[in-house]
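Below is one structure, written out as structure tokens; comments come after it.
The values are calculated or read from the model by the stated rules, or taken from the named source; none is laboratory data. All values reported here derive from a predicted model rather than from experimental measurement. Neighbour counts run over all protein chains shown; Cβ positions are idealised from the backbone, glycine included. Accessible surface areas use protein heavy atoms only, side chains included; no ligands, DNA or RNA. Shrake-Rupley method; radii C 1.70, N 1.55, O 1.52, S 1.80 Å.
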Amino acid sequence: ESSALDFLNRAGVVVFFDKEKLREVIYIDPNWLTQQVYRLINNDLRDREGRIDEPWLVGVLPEYTPQDRIRLIELLRNFELIFADSTQKGQVWIAPQYLPQAPQSGENDLYDIFMDDVSPAFRFRFPKFMPDNVMINFLSRYGPFSRKQYWHDAICFTNTEKVKCSVVFRKTDQCLQVSTDGSDRSKALQKEICQAFVELSKNANAEISIDGRHFVSWQKLVEAHKLENRNLLATDEETPLPVEGFVHLLDHREGTGPDMKTLKSSDKASNEASERLPLAGMEPGIAPFPRPGTAKTKILFVAANPEGSTREQTDVEHRRLKDQLLRGRAREQFEFLHPQLAVTIHELLRAMNDEPDIVHFSGSGTSGGIIITNEMNDPQMMSVAALERLFKKSKARIVVLSACYSAEQARTISEYGIYVVGNNMPISDPAAISFSEGFYNGIGEGKNFEDAFNDAMVVILTVNAAAADMIEVWKNGEKLKL
């Protein structure tokens with residue numbers, strides 16, 4: 001029985017945790033569970049700076065029993081989306097993605113004092129992009145050790161061995177700066193944190209530096225250590241660095257995290273809960289589709305799922321949206337261009353030369369752009385500036401960005417008179433697929449954009465209701481209130 005349950009859990013058919021407060025329940029509908037997570041983890045927490053307390057829980061989940069509410073909180077802790085703050089009165093939990101930015105020097109005395117007590121230990125850099133879950137999960141893991149010195153992009157804490165540590169995310173160079181005090185026990189904490197970054201980012205082509213200037217590939221460093229090589233070239237391909245200088249980070253124990261066993265979810269459920277939320281709609285009254293007798297509307301589907309990507313079902317999204325449109329009575333008015341399912345920048349440029357009317361991107365994203373792939377199937381960031389140039393002279397009238405944190409990209413692209421669907425948070429596979437199915441169902445029936453979008457929202461509100469408020473639509477640089 002246990003083996004069968006573990007298999008179903010790993011396959012994503014059910015969600016089960018063999019943990020205290022959770023082991024007595026088996027969730028047979030992962031989509032329903034995702035919806036419950038969205039009821040708590042959404043933009044309503046932004047004004048509360050991520051603070052979840054008992055009165056707020058009761059207000060959001062009035063039909064839940066106290067035991068059911070605590071169980072959902074435990075699930076969120078398993079997903080590493082929240083952490084308990086023991087410094088506040090009563091039961092209080094923090095959702096770190098809604099925390100404010102870290103203060104600047106001179107704005108917070110306690111922060112300045114703490115930073116004076118630590119020195120740089122190493123930097124962990126993501127030359128392509130840092131997966132959005134890394135800082136959220138890291139803060140959720142180490143937040144309980146901080147005395148309210150945590151922000152969206154930084155944390156200061158003292159572990160159970162009394163070692164002081166700060167971790168700061170530098171967005172300008174996609175770098176995590178780790179600093180610790182000079183105690184003898186600090187090296188053990190550095191190992192722990194380094195391994196946590198590797199685990200949470202799934203490596204993601206990460207690079208590491210001891211001096212803050214010369215970086216080496218993490219993967220090549222691990223291989224060099226196994227082969228007992230003494231030196232390794234830095235990423236500049238010129239500077240030799242001694243492997244010995246990194247041994248204290250490589251020679252770590254298995255497992256990561258602080259001196260408490262952080263509960264884990266299945267990869268599938270965790271990705272659905274923490275890395276994806278839904279899409280967006282459009283302005284009413286727009287009918288961009290051709291009438292009978294005119295040229296067909298061209299639809300281009302592009303996707304990327306490189307190594308380390310948070311998206312798993314881009315191919316499913318393509319298959320289902322295409323199936324919905326081709327069932328429609330107006331299907332002859334549309335033409336699907338050849339899909340680009342592992343799109344590189346050159347393939348995307350070539351595909352755009354076919355002058356699509358609708359461009360649908362399915363994949364991962366960050367606030368700085370969307371993630372495509374390169375010839376080696378490694379992640380390749382396509383920045384907001386690159387997207388702006390891509391659509392500056394395109395024929396596209398509708399763009400759907402089925403990707404995490406794509407609202408900023410949507411705003412920029414929309415300035416060229418294009419209706420753009422974007423997301424202000426991560427988007428789950430079920431929510432993205434549900435929206436796309438509803439949207440292309442309406443299009444396939446010959447409906448105008450307003451009605452097709454309405455069909456998509458009917459589907460979302462039925463199967464992913466909590467995700468609906470996270471949808472954003474932009475045109476002419478303005479977010480539309482639909």
For the chain, find the longest principal axis of its Cα atoms and tell me its angle to the long axis of helix 449-463, 0 to 90°, nearest 10. 50
Can you tell me what share of the DSSP beta bridges in the range 352-415 is antiparallel? A percent to the nearest 5 is fine. 60
Beyond 29 Å between alpha-carbons counts as too far, so tell me which of LYS21/LYS128; LYS296/LYS393; LYS89/LYS162; LYS21/LYS191; LYS392/LYS447; LYS89/LYS479 fall in that bin. LYS21/LYS128; LYS21/LYS191; LYS89/LYS479
So, counting K/R as plus one and D/E as minus one, what does the shell of residues with Cβ under 15 Å around GLU49 add up to? -1
Using a simple spin-label model with points 7 Å from Cα along the Cα→Cβ vector, what separation in nm is obtained for ASP469 and GLU107? 2.6
Expressed per residue, the solvent accessible area of the chain in Å² (1.4 Å probe) is about 45
Size of charge dipole - the chain - debye, nearest 20, with Cβ of Lys, Arg +1 and Asp, Glu -1, no other charges: 680
R0 = 56 Å: FRET efficiency of ASP184 with GLU415, Cβ-based, nearest 0.05? 0.50
Computed FRET value (nearest 0.05) for ARG51 with GLU20, which takes r as the C-beta separation and R₀ as 25 Å: 0.50
Please work out how much length the chain gains when fully extended from ASP117 to GLU332, using 0.36 nm per residue of separation minus the C-alpha to C-alpha distance, in nm with one decimal. 70.6 nm
May I ask for the angle, rounded to the nearest 10°, between helix 30-40 and the longest principal axis of the chain, with both axes built from Cα atoms and the value confined to 0 to 90°? 70
Under a crude label model (7 Å from the Cα following the beta-carbon direction), how far is ALA385 from ASP451 in nanometres? 4.4
For helix 314-326, what angle does its Cα long axis make with the longest principal axis of the chain, in degrees from 0 to 90 and rounded to 10? 10
Give the long-range amide H neighbours of VAL400: residues separated by 5 or more places, or on another chain, with amide H under 5 Å away, using H modelled in the peptide plane at 1.01 Å from N. VAL359, HIS360, PHE361, VAL421
Option label - mean projected area of the Cα convex hull in nm² computed here, alternatives (1) 24.8; (2) 57.7; (3) 22.1: (1)
Would you mind counting up the charge near GLU472? Only other residues with Cβ under 9 Å from its Cβ, with Lys and Arg at +1 and Asp and Glu at -1. +2
How do the peptides 376-387, 236-247, 393-404, 44-55 rank, highest first, by the average count of neighbouring beta carbon atoms within 10 Å per residue? 393-404, 376-387, 44-55, 236-247
With a point put 7 Å past each Cα toward its Cβ, work out how far ASN377 is from ASN476 in nm, to one decimal. 4.5
Report, in deg cm²/dmol and to the nearest 500, the calculated mean residue ellipticity at 222 nm for the chain, where each DSSP H run with n ≥ 4 adds -39500 (n - 2.57) and the sum is divided by the residue count. -10000 deg cm²/dmol
Going by amide H atoms built from the backbone, whose H comes under 5 Å of the H on ILE427, apart from near neighbours? ARG276, LEU277, CYS404, TYR405
Leaving ligands, DNA and RNA out of it, report the carbon-plus-sulfur percent of the accessible area of the chain at a 1.4 Å probe. 48
Looking at the chain, send over the antiparallel percent of its DSSP beta bridges, to the nearest 5. 70
